[in-house]
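As structure tokens, the structure follows; a few thoughts come after it.
The values are calculated or read from the model by the stated rules, or taken from the named source; none is laboratory data. Predicted model only: the values in this text are computed from it and were never measured. So basically every Cβ, Gly included, is an ideal-geometry build from the backbone, and we count neighbours across all protein chains shown.
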Amino acid sequence: MSNVRGRDLGSFVDEVRTQIEKNITLPPGYYVEYGGQFENQQRASQRLMLIVPIVIAVIFVLLYITFNSVGQALLVIGNIPFALVGGDRRTVAARHEPEPLGVGRLHCAVRRRDVERRRARELDQPASRGGQPSA
């Protein structure tokens with residue numbers, strides 16, 4: 001039994017496997033089995049390897065039905081890897097922030113930016129009320 005802290009479970013189990021194969025000879029009929037969270041992770045990974053392509057195919061079909069164009073559907077589907085990279089970068093950046101990142105916090109940030117843009121736009125445009133500039 002072992003606790004893994006500060007490492008990913010897969011690389012830890014791979015390291016344990018190589019150390020056991022290199023340093024320990026098991027008697028005939030004996031074997032080492034890796035279970036627990038690692039077993040759950042492996043099952044989930046196998047399930048995702050099946051489900052994710054099916055979901056992407058369904059999304060592609062829905063996009064094709066919406067746009068009536070294979071090119072437009074491929075353009076949207078082709079941006080999925082970029083969205084994943086952006087999400088990963090944001091997750092890493094959020095680790096260094098004092099508050100957890102959530103939908104509510106992102107919504108507030110977007111609204112604040114929207115208000116700031118509107119104020120900047122109002123300051124740049126001449127006032128439409130009687131020719132007097134707004135304060």
Practice task
Answer yes or no: is there a residue in region 39-48 that is closer than 26 Å to PRO81 by Cα and of a type in the set (Gly, Ala, Ser).
Solution key: yes
Fill in the blank from the handout: Picking from ARG90, ARG112, ARG47, the residue that is modelled with pLDDT of 90 or more, out of contact with any helix residue (DSSP H, G or I) (no Cβ under 7 Å at 6 or more places or on another chain) and surrounded by 10 or more Cβ atoms within 10 Å (Cβ to Cβ) would be ARG47
